[in-house]
Amino acid sequence: MKHYLHTVEEVFADIKSGENGITEAEAQKRLEANGKNKLAEGKKKSIFARFMDQLKDPMIIILIIAAVISAVTEYFEASAAGEAFFPTDTLIILAVVIINAVLGVVQESKAEAAIEALQEMSAATSKVIRDGKLVSVKSEDLVIGDVVLLEAGDAVPADCRIFESASMKIEEAALTGESVPVDKIIKLLNGGEKNEVALGDRKNMAYMGSTVVYGRGQAVVVATGMDTEMGKIADALAKAEDNETPLQKKLNQLSKILTGLVLGICIFIFGFQIIKAMLTGSGVDFHLVLDSFMTSVSLAVAAIPEGLAAVVTVVLSIGVTNMSKKNAIIRKLTAVETLGCAQIICSDKTGTLTQNKMTVVDHFGDNENLVATAMALCCDASIDEKGEVTGEPTEAALVAYANKLSLNKNDLVKANPRIGEAPFDSGRKMMSTVHETADGIVQYTKGAPDVILGKCTHTLWNGQIVPFSNELKELTLKDNKRMADKALRVLAVAMRKYDSAPSDYSPEALESDLIFVGLTGMIDPVRPEVKDAIVECRKAGITPIMITGDHKDTAVAIAMELGIIDDASNAITGAELNEISDEDFAEKVTQFKVYARVQPEHKTRIVNAWKARGMITAMTGDGVNDAPSIKSADIGIGMGITGTDVTKNVADMVLADDNFATIVGAVSEGRRIYDNIRKAIQFLLGSNLSEVLAIFTSSLLGFTILKPVHLLFINLVTDCFPALALGFERPESDIMKRKPRDSKDGIFSGGLGVDCAYQGILVTILTPTAFFIGEFLETGHWQFMNIPESNEGMTMAFLTMSMCEIFHSFNMRSQRGSVLKMVFGEKSHNGFLYLAMVGSFILTTAIIEVPALANAFGFTHLDLTAYGISIGLAFLIIPIVEIIKAVQRAVSKK
């Protein structure tokens, strides 16, 4: 039953209740049948379960298998040599796996926290009539049919149909996006041809999660728990899926590619060595199988960038730290890069684009001070010594307006004490107060312009009280229309003078023969910084979309002021959206930039329509009504000050200053971080490719160039520090002038794959060269195949490969730009990278020159000649890559 479309009597009959509520016994029966008036609690995932999820990655599984094979091999080798078994390589590999898994557990489950916040929003206790008596019960024990008493300050405990209202106004901004409290009525509503009324227009209903701000009333509960509008939002949150971010998708694709590559190469090498032994007649023995397994382990370790997960996590964390300094709090690391490729930002109007604070911005009248005085006195809002105004938002705006004109309400009240009143009533649409002033008894009446003007016989004109002629009325109505056309909320105020205090303060006695004083126009004004922020968004190729529960005229006016639209045809209401099928909407979604009078499910539908077109979509907002769409969006942005706990708990990013403009800085930072992650990925994958090719080539030629532990050291120490330092690179000058990158672009797009390939091949050529030279220095003759284990050759190969990576990290400061120009021409430096290069060099030198470490790694001391040759070979990577970049730039220009 749509209770708002039925009379109070029909509603009572449907739920078997009445104005005196139900009995305690009946309440217990209904409670047992329908359950508590609380939201369903979600299941929480344990830390252990999240940790185990991290181990499902194919690359991690291969590392675990490699660790097991390594342990078995080391055991048999130790047994054969009569030595104690200590699985060094295995422990190192497993340590890598565990560290990556721990770093992966970075996000707590947010859906459960959101639902808990929703539960906190429910009133703790409620005043209810049971057995004909007024009692206080826990809100969670309310049932359908309970009659609830509502007063100013009360939180509405359940969804209710109002049957008594004494000037009651309810704040529903968190639920509907409506910035002005709603005047509540009793009569049934007209659903029109569609037999439906938008949530924000159901004036005879009170909903869970809203708050009474003025007056009082009584209502009967018609829905509890998960059946309430708040419950529907909680249910939508539970059903909304956490989507993978673009970076996660790319890394998962990379994981699958590397997994296939590792398995293919390992199987090939293992088979090749076995077949080779059979063909050469050397035979297949246990030691050959073990050696083949160790070669496969080496390849697995070489191909998998063990430090990649840690590097990406830390680089994202650097971005998080930078963003927090600029009031953007990141709750989910991967959200950093997602924001960097955002193409659509769907923003709630109230409190996000606007200040969520009604403000008088226009007026009409003969005497502005008198207009402000009359408005301030004829309301119940108050102002403290600090200038803070409290009260119903519209009245608070009037008191603040007077205060700006140096008319402090406290001073006005002292000089003009109230001696009588006719309170506001939604039926009359006005209120009147009577005051004792220095000039005698004066009555002020404020309300809707059409009603007030109908009560006026005179007006103030040029300082005189004159008859309210048709000409003057037309002039007033013209100004009223001028303000209304700007989507301002217009109020009128009039006055009446008495020789002595009236004996009858009834509305009928007071509200006639009035003197018109003036009009005020108010609106929830835009945040001053938002307009520039939207201009910046457009320059960055981002389309801003306004989604609001407010009226269409107001939404259009705000959107046009901000530059979101330039024509009202780009706006649509929720009711109009209901008439469009999902298929048609997917085609037409690009036509609309403003959505008014929408309900929560509309917001999610809008977000999903953009996502269906392949657009990376962000959603900002502060109200409960924004939560489902925030969670459904690629990145949800909550407001830290005015935002509800629900919104903040499901958001990926929270704006600490509630400033839409902060998003611009966050987008720039997101793009910078993604650029730097790509640099780190290119650096690490190029390194891994060189290792794979070196191991692969040496295996085919019949010698061991590097062991698994050597490769792990290079991957986790030599490579990781420079890769992390690349995360500190500054943004390029055109970063906010580019269009958002296509989320479908692969991780190797933009030539990154080609760069990884040729740079990996370069290192592969230099590393075996060092090995052969080391073998020559050790034996005195050149040998290129079936070489017995050479300590000096292996040591030189290790040093050359390590230093190649260190020098190559310098190249990675720009994918195409000249790093020499950056350093000497633009004076652009990355101090962290320089420190990382020095640190990696010191550690690499230490494990070669410190005897204990050298013995553990199987290295030998190098003389100055061998050391100089290794360093010289490694340094060649810088000039060679600089030359190739220059060729690439020249080709690109053509």
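If HIS808 satisfies every condition in (1) assigned to a helix (DSSP H, G or I); (2) open to solvent by 10 Å² or more (accessible area, probe 1.4 Å); (3) within 19 Å of ILE884 (Cβ to Cβ); (4) of a type outside the set (Asp, Glu) but one, which is the exception?
All conditions are met except number (2).
Take the residues in segment 448-481 that are basic (Lys, Arg) and under 46 Å from the mean Cα position of the chain (by Cα); name whichever of them is nearest to SER426 (Cα to Cα). Break it down stepwise before answering.
Pass one, segment 448-481, residues basic (Lys, Arg): 455, 473, 478, 481.
Cutting the leftovers down to under 46 Å from the mean Cα position of the chain (by Cα) gives us 478, 481.
Numbers: LYS478: 25, LYS481: 22 Å.
Result: LYS481.
Consider ALA438 carefully, then state whether it is surrounded by 17 or more Cβ atoms within 10 Å (Cβ to Cβ) and small (Gly, Ala, Ser).
no
Just to be sure, is ILE747 of a type in the set (A, V, I, L, M, F, W, C), open to solvent by less than 20 Å² (accessible area, probe 1.4 Å), within 30 Å of ALA846 (Cα to Cα) and modelled with pLDDT under 95?
Details: of a type in the set (A, V, I, L, M, F, W, C): yes; open to solvent by less than 20 Å² (accessible area, probe 1.4 Å): yes; within 30 Å of ALA846 (Cα to Cα): no; modelled with pLDDT under 95: yes.
No: the conditions fail for ILE747.
Output the qualifying pairs, or none if there are none: Cβ atoms under 8 angstrom, residues six or more apart or on different chains, first residue in segment 585-597 and closer than 17 Å to ALA612 by Cα and polar (S, T, N, Q), second residue open to solvent by 20 Å² or more (accessible area, probe 1.4 Å) and in a loop (DSSP other than H, G, I, E, B).
Partner pairs satisfying both residue conditions: THR590/ARG613.
Name every residue in segment 848-866 that is in contact (Cβ under 8 Å) with a residue 40 or more places away in the chain, open to solvent by 40 Å² or more (accessible area, probe 1.4 Å) and assigned to a helix (DSSP H, G or I), in order of residue number.
ALA856, THR865 - these are the residues of segment 848-866 that are in contact (Cβ under 8 Å) with a residue 40 or more places away in the chain, open to solvent by 40 Å² or more (accessible area, probe 1.4 Å) and assigned to a helix (DSSP H, G or I).
So in segment 709-728, with the set limited to residues that are open to solvent by less than 10 Å² (accessible area, probe 1.4 Å) and of a type outside the set (A, V, I, L, M), which one is nearest to THR767 (Cα to Cα)?
Once the filter is applied, the top-ranked residue is HIS710.
Say we look at segment 815-827 and pick out the residues that are touching a Ser or Thr at 6+ places or on another chain (Cβ under 9 Å) and in a loop (DSSP other than H, G, I, E, B); which of these is least open to solvent (accessible area, probe 1.4 Å)?
GLY825
Which condition number in (1) buried (at least 20 other Cβ atoms within 10 Å of the Cβ); (2) under 16 Å from GLY200 (Cβ atoms); (3) not aliphatic (A, V, I, L, M) is the one that PRO544 fails?
The failed condition is (2).
Determine if segment 408-429 includes at least one residue that is surrounded by fewer than 14 Cβ atoms within 10 Å (Cβ to Cβ) and under 30 Å from ARG597 (Cα atoms).
yes
Taking segment 378-400, which residues are under 12 Å from PHE424 (Cβ atoms) and of a type in the set (D, E, K, R)?
ASP380, GLU392, GLU395, listed by residue number.
Checking the structure you have, find out if any residue of segment 691-701 is touching a Cys at 6+ places or on another chain (Cβ under 9 Å) and not acidic (Asp, Glu).
The answer is no, given that none of the residues of segment 691-701 is touching a Cys at 6+ places or on another chain (Cβ under 9 Å) and not acidic (Asp, Glu).
Please state which of the following conditions ASN480 fails to meet, knowing it meets all the rest: (1) open to solvent by 40 Å² or more (accessible area, probe 1.4 Å); (2) assigned to a helix (DSSP H, G or I).
Against the list (1) open to solvent by 40 Å² or more (accessible area, probe 1.4 Å); (2) assigned to a helix (DSSP H, G or I), ASN480 comes up short only on (1).
Quick check on segment 611-625. Is at least one of its residues farther than 22 Å from GLY200 by Cα, hydroxyl-bearing (Ser, Thr, Tyr) and open to solvent by less than 10 Å² (accessible area, probe 1.4 Å)? Walk me through it before giving the result.
Taking segment 611-625 and keeping what is farther than 22 Å from GLY200 by Cα, we get 611-618.
Filter again for hydroxyl-bearing (Ser, Thr, Tyr), leaving 617.
Now drop any that are not open to solvent by less than 10 Å² (accessible area, probe 1.4 Å), which leaves 617.
Yes, segment 611-625 contains a residue that is farther than 22 Å from GLY200 by Cα, hydroxyl-bearing (Ser, Thr, Tyr) and open to solvent by less than 10 Å² (accessible area, probe 1.4 Å).
Take the conditions in a helix (DSSP H, G or I) and over 37 Å from the mean Cα position of the chain (by Cα) and apply them to LEU370. Does it pass?
Judged against the criteria, LEU370 is a match.
If I go through segment 656-674 residue by residue, how many of them are closer than 13 Å to ALA342 by Cα and crowded, with 22+ Cβ neighbours inside 10 Å?
Qualifying residue count for the region: 8.
Between a first residue in segment 448-473 that is loosely packed, with under 12 Cβ neighbours inside 10 Å and a second residue that is modelled with pLDDT of 95 or more and not in a loop (DSSP other than H, G, I, E, B), which pairs have beta carbons less than 9 Å apart while being 6 or more apart in sequence or on different chains?
PRO467/THR457; PRO467/HIS458; PRO467/THR459
Residues to consider are SER165, SER210; find the one that is crowded, with 23+ Cβ neighbours inside 10 Å, closer than 17 Å to VAL128 by Cα and at pLDDT 85 or above.
Step by step, each of SER165, SER210 is checked, and only SER165 is crowded, with 23+ Cβ neighbours inside 10 Å, closer than 17 Å to VAL128 by Cα and at pLDDT 85 or above.
Just to be sure I understand, how many residues within segment 131-158 are touching a residue at least 60 places away in the same chain (Cβ under 8 Å), in a strand (DSSP E or B) and open to solvent by 10 Å² or more (accessible area, probe 1.4 Å)?
Count: 2.
The values are calculated or read from the model by the stated rules, or taken from the named source; none is laboratory data. Just so it is clear, the model here is predicted, and its values are computed rather than measured. All Cβ positions, even for glycine, are placed from backbone atoms using ideal geometry, and neighbour counts span all protein chains on display. Side chains are part of the model used for accessible areas, which takes the heavy atoms of the whole protein and leaves out ligands, DNA and RNA. Shrake-Rupley method; radii C 1.70, N 1.55, O 1.52, S 1.80 Å.
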